[in-house]
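Let me begin by presenting the structure, written as C-alpha coordinates, before commenting on it.
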Amino acid sequence: MNRSPGTPVRVTFGAACLMLALLAAPLLARAETSMQQVEGLWAYTGLTSSGGKSMPLTGVFLFKDGSFIQQAVFNGEPYYKQSAMAHSGPYSAIEGGVHLVAQQTLSLSPADPLASHGVTEHDLVVTRDDDGLTLVFGSGTVQTLRRIGAAADAKIVQLEHGMLAMVDGHFIVVSGDDSYAVTGYGRYRQQGERYFIEVIRWAETDGAETISARDAVITATFDGQTLRLPGGRVLKVGAGA
(Lines give C-alpha, C1' and ligand atoms only; values in the text may rest on other atoms or scores of the structure.)
Protein backbone atom coordinates (compact mmCIF):
# COMPACT_ATOMS: atom_id res chain seq x y z
CA MET A 1 0.00 0.00 0.00
CA ASN A 2 1.34 3.42 -0.93
CA ARG A 3 1.75 5.98 1.85
CA SER A 4 2.65 9.63 1.37
CA PRO A 5 5.94 10.86 2.90
CA GLY A 6 4.07 13.26 5.19
CA THR A 7 1.98 10.60 6.94
CA PRO A 8 4.51 9.57 9.63
CA VAL A 9 5.07 13.20 10.56
CA ARG A 10 1.32 13.84 10.88
CA VAL A 11 0.86 10.71 12.99
CA THR A 12 3.79 11.62 15.25
CA PHE A 13 2.53 15.20 15.65
CA GLY A 14 -0.98 13.97 16.45
CA ALA A 15 0.33 11.53 19.04
CA ALA A 16 2.40 14.28 20.65
CA CYS A 17 -0.65 16.57 20.87
CA LEU A 18 -2.64 13.76 22.42
CA MET A 19 0.10 13.12 24.96
CA LEU A 20 0.27 16.82 25.89
CA ALA A 21 -3.50 16.93 26.30
CA LEU A 22 -3.40 13.88 28.57
CA LEU A 23 -0.64 15.44 30.67
CA ALA A 24 -2.43 18.81 30.88
CA ALA A 25 -5.80 17.35 31.90
CA PRO A 26 -4.83 16.58 35.53
CA LEU A 27 -3.32 20.08 35.89
CA LEU A 28 -6.50 21.70 34.61
CA ALA A 29 -8.59 19.52 36.89
CA ARG A 30 -6.52 20.54 39.92
CA ALA A 31 -6.80 24.20 38.92
CA GLU A 32 -10.58 23.94 38.61
CA THR A 33 -10.68 22.22 41.99
CA SER A 34 -8.81 25.09 43.64
CA MET A 35 -11.34 27.57 42.25
CA GLN A 36 -14.17 25.48 43.65
CA GLN A 37 -12.44 25.09 47.01
CA VAL A 38 -12.08 28.81 47.68
CA GLU A 39 -15.44 30.02 46.39
CA GLY A 40 -17.70 31.40 49.11
CA LEU A 41 -17.78 33.85 51.99
CA TRP A 42 -15.29 33.05 54.75
CA ALA A 43 -14.66 34.37 58.27
CA TYR A 44 -11.17 34.38 59.75
CA THR A 45 -10.29 31.91 62.49
CA GLY A 46 -6.60 32.75 62.65
CA LEU A 47 -3.46 34.18 61.08
CA THR A 48 0.13 33.08 61.67
CA SER A 49 2.89 35.34 60.38
CA SER A 50 5.83 34.08 58.36
CA GLY A 51 7.84 34.31 61.59
CA GLY A 52 5.44 31.95 63.37
CA LYS A 53 3.63 34.60 65.44
CA SER A 54 -0.11 34.14 66.02
CA MET A 55 -2.01 37.32 65.17
CA PRO A 56 -5.74 36.96 66.05
CA LEU A 57 -8.08 39.02 63.90
CA THR A 58 -11.72 39.45 62.90
CA GLY A 59 -12.63 39.72 59.25
CA VAL A 60 -13.97 38.20 56.06
CA PHE A 61 -12.67 36.91 52.74
CA LEU A 62 -14.99 36.58 49.73
CA PHE A 63 -14.09 34.57 46.63
CA LYS A 64 -16.64 34.60 43.81
CA ASP A 65 -16.40 34.19 40.04
CA GLY A 66 -12.82 35.42 39.79
CA SER A 67 -13.22 38.43 42.13
CA PHE A 68 -12.11 38.60 45.74
CA ILE A 69 -12.55 41.10 48.55
CA GLN A 70 -10.91 40.89 51.98
CA GLN A 71 -11.15 43.03 55.11
CA ALA A 72 -9.94 42.38 58.65
CA VAL A 73 -9.08 44.20 61.87
CA PHE A 74 -6.65 42.72 64.37
CA ASN A 75 -8.09 41.87 67.78
CA GLY A 76 -7.08 43.80 70.84
CA GLU A 77 -8.11 46.55 73.21
CA PRO A 78 -8.81 49.31 72.85
CA TYR A 79 -10.28 48.21 69.54
CA TYR A 80 -9.99 51.66 67.94
CA LYS A 81 -6.20 51.46 68.16
CA GLN A 82 -5.93 48.20 66.22
CA SER A 83 -4.54 47.91 62.70
CA ALA A 84 -6.70 46.91 59.76
CA MET A 85 -5.96 45.50 56.32
CA ALA A 86 -8.01 45.26 53.15
CA HIS A 87 -7.57 44.01 49.58
CA SER A 88 -9.69 43.52 46.48
CA GLY A 89 -9.17 42.42 42.90
CA PRO A 90 -9.25 39.42 40.57
CA TYR A 91 -8.01 35.89 41.19
CA SER A 92 -7.26 32.93 38.97
CA ALA A 93 -6.35 29.28 39.34
CA ILE A 94 -2.85 27.90 39.61
CA GLU A 95 -1.86 24.34 40.35
CA GLY A 96 -2.78 23.62 43.96
CA GLY A 97 -4.07 27.10 44.67
CA VAL A 98 -4.99 30.53 43.40
CA HIS A 99 -3.18 33.64 42.21
CA LEU A 100 -4.42 36.95 43.61
CA VAL A 101 -3.91 40.35 42.01
CA ALA A 102 -4.74 42.83 44.78
CA GLN A 103 -5.60 46.08 43.03
CA GLN A 104 -6.02 47.67 46.44
CA THR A 105 -3.54 46.75 49.18
CA LEU A 106 -4.46 48.91 52.15
CA SER A 107 -3.35 48.96 55.79
CA LEU A 108 -4.65 51.36 58.41
CA SER A 109 -3.77 52.15 62.02
CA PRO A 110 -3.84 55.17 64.34
CA ALA A 111 -0.02 55.23 64.34
CA ASP A 112 0.16 55.06 60.55
CA PRO A 113 -3.27 56.18 59.28
CA LEU A 114 -2.81 54.88 55.76
CA ALA A 115 -0.35 52.74 53.86
CA SER A 116 -1.38 52.06 50.26
CA HIS A 117 0.90 49.55 48.59
CA GLY A 118 -0.82 49.72 45.20
CA VAL A 119 -1.07 46.54 43.15
CA THR A 120 0.41 43.42 44.76
CA GLU A 121 0.32 39.80 43.61
CA HIS A 122 0.20 36.65 45.72
CA ASP A 123 0.31 32.90 45.05
CA LEU A 124 -1.69 30.95 47.63
CA VAL A 125 -1.62 27.23 48.33
CA VAL A 126 -5.19 26.19 49.13
CA THR A 127 -6.33 23.40 51.46
CA ARG A 128 -10.05 22.77 52.02
CA ASP A 129 -11.43 20.63 54.84
CA ASP A 130 -15.26 20.64 54.83
CA ASP A 131 -16.12 24.20 55.90
CA GLY A 132 -12.52 25.04 56.79
CA LEU A 133 -10.05 26.72 54.48
CA THR A 134 -6.30 27.21 54.86
CA LEU A 135 -4.41 29.70 52.70
CA VAL A 136 -0.62 29.60 52.68
CA PHE A 137 1.00 32.64 51.10
CA GLY A 138 4.35 32.58 49.35
CA SER A 139 5.78 34.63 52.22
CA GLY A 140 4.93 31.80 54.61
CA THR A 141 1.96 33.56 56.22
CA VAL A 142 -0.86 31.13 57.02
CA GLN A 143 -4.50 32.23 57.18
CA THR A 144 -7.30 29.96 58.37
CA LEU A 145 -11.00 30.57 57.77
CA ARG A 146 -14.43 28.98 58.14
CA ARG A 147 -17.17 29.15 55.55
CA ILE A 148 -20.14 31.33 56.52
CA GLY A 149 -21.85 31.54 53.14
CA ALA A 150 -21.95 29.88 49.73
CA ALA A 151 -21.99 33.26 47.91
CA ALA A 152 -24.23 31.76 45.22
CA ASP A 153 -26.21 35.00 44.85
CA ALA A 154 -23.40 37.43 45.63
CA LYS A 155 -23.67 40.88 44.10
CA ILE A 156 -20.23 42.34 43.44
CA VAL A 157 -19.82 45.91 42.21
CA GLN A 158 -16.56 47.35 40.92
CA LEU A 159 -15.90 50.78 42.38
CA GLU A 160 -13.50 53.37 40.99
CA HIS A 161 -10.91 52.38 43.57
CA GLY A 162 -12.14 49.11 45.01
CA MET A 163 -15.07 46.80 45.36
CA LEU A 164 -18.48 46.52 47.04
CA ALA A 165 -20.25 43.24 47.76
CA MET A 166 -23.63 42.21 49.12
CA VAL A 167 -23.43 38.53 49.91
CA ASP A 168 -25.27 36.13 52.23
CA GLY A 169 -26.66 38.99 54.31
CA HIS A 170 -23.30 40.75 54.57
CA PHE A 171 -22.31 44.16 53.21
CA ILE A 172 -18.57 44.47 52.42
CA VAL A 173 -16.71 47.47 51.06
CA VAL A 174 -13.03 48.02 50.27
CA SER A 175 -12.07 51.24 48.53
CA GLY A 176 -8.99 53.43 48.63
CA ASP A 177 -5.75 54.74 47.21
CA ASP A 178 -2.85 56.71 48.66
CA SER A 179 -5.18 59.52 49.84
CA TYR A 180 -8.05 57.72 51.60
CA ALA A 181 -9.43 54.30 52.53
CA VAL A 182 -12.86 52.95 53.45
CA THR A 183 -12.93 49.31 54.58
CA GLY A 184 -15.51 47.37 56.54
CA TYR A 185 -18.23 44.78 56.72
CA GLY A 186 -21.33 43.84 58.63
CA ARG A 187 -24.78 42.35 58.31
CA TYR A 188 -27.38 44.49 56.64
CA ARG A 189 -31.02 45.00 55.77
CA GLN A 190 -32.23 46.96 52.81
CA GLN A 191 -35.09 49.39 52.25
CA GLY A 192 -34.98 50.57 48.67
CA GLU A 193 -31.70 52.39 48.18
CA ARG A 194 -30.99 52.55 51.91
CA TYR A 195 -28.80 49.98 53.64
CA PHE A 196 -28.75 49.64 57.42
CA ILE A 197 -25.42 48.01 58.24
CA GLU A 198 -24.81 46.33 61.60
CA VAL A 199 -21.07 46.84 61.61
CA ILE A 200 -18.85 43.95 62.69
CA ARG A 201 -15.59 45.69 61.78
CA TRP A 202 -15.02 49.06 60.12
CA ALA A 203 -11.91 51.20 59.57
CA GLU A 204 -11.52 54.26 57.38
CA THR A 205 -9.16 57.17 57.03
CA ASP A 206 -8.72 60.46 55.22
CA GLY A 207 -4.98 59.92 55.32
CA ALA A 208 -4.56 61.92 58.51
CA GLU A 209 -6.91 60.29 61.01
CA THR A 210 -8.24 56.74 61.31
CA ILE A 211 -11.80 56.05 62.47
CA SER A 212 -12.69 52.56 63.70
CA ALA A 213 -16.06 51.08 64.59
CA ARG A 214 -17.58 47.80 65.72
CA ASP A 215 -20.99 46.75 67.06
CA ALA A 216 -22.51 49.90 65.56
CA VAL A 217 -25.23 50.62 63.01
CA ILE A 218 -24.56 52.90 60.07
CA THR A 219 -26.83 53.89 57.19
CA ALA A 220 -25.64 54.01 53.61
CA THR A 221 -27.40 54.63 50.31
CA PHE A 222 -26.60 52.97 47.00
CA ASP A 223 -28.47 53.77 43.79
CA GLY A 224 -26.44 51.48 41.56
CA GLN A 225 -23.97 54.21 40.63
CA THR A 226 -22.98 55.97 43.86
CA LEU A 227 -22.44 54.68 47.41
CA ARG A 228 -22.96 57.39 50.03
CA LEU A 229 -21.64 56.74 53.52
CA PRO A 230 -21.92 58.62 56.83
CA GLY A 231 -19.63 61.62 57.10
CA GLY A 232 -20.15 62.61 53.49
CA ARG A 233 -17.92 59.95 51.93
CA VAL A 234 -19.03 59.23 48.33
CA LEU A 235 -17.77 56.19 46.39
CA LYS A 236 -18.59 55.89 42.69
CA VAL A 237 -18.99 52.82 40.56
CA GLY A 238 -16.11 52.24 38.17
CA ALA A 239 -16.42 53.27 34.54
CA GLY A 240 -16.16 49.68 33.30
CA ALA A 241 -18.67 48.22 35.80
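Relative to the longest principal axis of the Cα atoms of the chain, the long axis of helix 7-38 lies at roughly 20 degrees. In plain terms, if you count all Cα to Cα distances in the stretch 111-190 and split them into 10 Å steps from zero, the share in each step is 14, 32, 44, 10, 0 percent.
Here Lys81 sits with roughly 130 square angstrom of accessible surface, probe radius 1.4 Å. Pairs of C-alpha atoms in the stretch 57-141 farther apart than 21 Å represent 33 percent of all such pairs.
Overall form of the stretch 108-241: oblate. Here a/c, set by the Cα gyration tensor axes a ≥ b ≥ c, is 1.5 or more, and a/b is not larger than b/c.
The alpha-carbon of Lys155 sits under 19 angstrom from the alpha-carbons of these lysines, leaving out residues fewer than 8 places away in its chain: Lys64, Lys236.
Computed over all pairs of different Cα atoms, the Kirkwood value for the hydrodynamic radius of the stretch 26-98 is 13.8 Å.
Sort Ser179, Ser109 by accessible area with a 1.4 Å probe, largest first. Don't jump to the answer; show the numbers that get you there.
Numbers: Ser179 60, Ser109 15 Å².
Heavy-atom accessible area, descending, gives Ser179, Ser109.
The residue list Leu47, Pro230, Leu124 was ranked by how far each Cα lies along the charge dipole of the chain toward its positive end, using unit charges on Cβ atoms, and Leu124 comes out on top.
Taking every pair of alpha-carbon atoms in the stretch 196-241, give the share separated by more than 17 Å as a whole percent. All intermediate terms of the calculation are to be shown ahead of the outcome.
Numbers: 437 of 1035 pairs.
Roughly 42 percent, once rounded to a whole number.
The values are calculated or read from the model by the stated rules, or taken from the named source; none is laboratory data. Small disclaimer: the values here were computed from a predicted structure and weren't measured. So basically every Cβ, Gly included, is an ideal-geometry build from the backbone, and we count neighbours across all protein chains shown. Protein only, heavy atoms only, side chains kept; ligands, DNA and RNA dropped before computing areas. Shrake-Rupley method; radii C 1.70, N 1.55, O 1.52, S 1.80 Å.
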